[in-house]
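Presented below is the structure to which this report refers.
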Amino acid sequence: MKDLKEIISNHPQEHIELFKKLRKEQNPHTLFITCSDSRIIPNIITSTMPGDLFLIRNVGNIVPNPDSSAISVLAAVEYAVNILRISDIVICGHSNCGAIGAVCNPASYDKAKNSSLDEWLKHVKITHKELVHDAVTSKLDFASQANVLQQIKNLSEHKFISEKIKSHQLELHAWWFDIGVTTVKYFSIESQRFIDYV
């Protein structure tokens, strides 16, 4: 493994100057909710800098619905919306997602040894009939896209979120990142599918 001291100390000068400006406060414009997967780097995907995005990362880019007792994600959402007053929330799934693979194939992991993971993945429900399945999207990737829409639905069911949306103070965005071709797609209401940003 690379020497940790070397990893920590070698920052570009422009980053050092930026962090000096950010040391007292943050003012991100977007809450970006995505998977814990090591291949997903939000600032690279979005071409943003430190301070631009408020991040929530977890296995499967999940936002529990209002009936859930899992409050960690909700606490971060409340902070972003009510305190930082962000204007946009992106939920971004990705191709070849291990969490969604586990949901689609529960026999692929030992539930007894991964009981917390198993409990967490119960927040995933692949039920979006409105999503159009094209011939080039694999079953796993289609399920991953459907999961993004489910998490958008879960998020919008929280009262403080729905009120902000109705008053036009907040917009929700469903994104999906194709790792192999480094393409970000967004859910198009018109076509009922995820399409490339152009």
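The values are calculated or read from the model by the stated rules, or taken from the named source; none is laboratory data. These figures come from a predicted structure and were not determined experimentally. We place every Cβ from the backbone using ideal geometry, glycine too, and count neighbours over all the protein chains shown.
Quickly run through region 22-56 and pick out the residues that are in contact with a helix residue (DSSP H, G or I) (Cβ under 9 Å, 6 or more places away or on another chain), of a type in the set (A, V, I, L, M) and farther than 23 Å from Leu149 by Cβ.
Within region 22-56, the subset in contact with a helix residue (DSSP H, G or I) (Cβ under 9 Å, 6 or more places away or on another chain) is 28, 30-37, 48-56.
Then drop every residue that is not of a type in the set (A, V, I, L, M), which leaves 31, 33, 49, 53, 55-56.
Residue satisfying the conditions is Met49 alone.
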Query raised in the report: Of the residues in region 146-182, how many are farther than 22 Å from Pro66 by Cβ and modelled with pLDDT under 95?
Result: 3
Query raised in the report: Mind checking which residues of region 162-183 are within 16 Å of the chain's Cα centre (by Cα) and within 22 Å of Ala76 (Cβ to Cβ)?
Result: Glu171, Leu172, His173, Ala174, Trp175, Trp176, Phe177
Query raised in the report: Ile165: in contact with an Asp or Glu (Cβ under 9 Å, 6 or more places away or on another chain) and either small (Gly, Ala, Ser) or free of Cβ contacts under 8 Å to residues at least 40 places away in the same chain (or both), yes or no?
Result: yes
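Could you say which residue among Ile40, Ile33, Ile44, Ile56 is part of a helix (DSSP H, G or I), closer than 30 Å to Gly101 by Cβ and at pLDDT 90 or above? Working first, answer last.
On the way: Ile40 fails: part of a helix (DSSP H, G or I); Ile33 fails: part of a helix (DSSP H, G or I); Ile56 fails: part of a helix (DSSP H, G or I).
The conditions single out Ile44.
Scan region 111-121 residue by residue and report those that are modelled with pLDDT of 85 or more and either of a type in the set (S, T, N, Q) or farther than 16 Å from Ser144 by Cα (or both). Walk me through how you get there before you give the answer.
Pass one, region 111-121, residues modelled with pLDDT of 85 or more: 113-121.
Of everything in region 111-121, those that are modelled with pLDDT of 85 or more and either of a type in the set (S, T, N, Q) or farther than 16 Å from Ser144 by Cα (or both) turn out to be Lys113, Asn114, Ser115, Ser116, Leu117, Asp118, Glu119.
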Query raised in the report: Of all residues in region 74-97, which are part of a helix (DSSP H, G or I), surrounded by fewer than 16 Cβ atoms within 10 Å (Cβ to Cβ) and among the small types (Gly, Ala, Ser)?
Result: Ala75
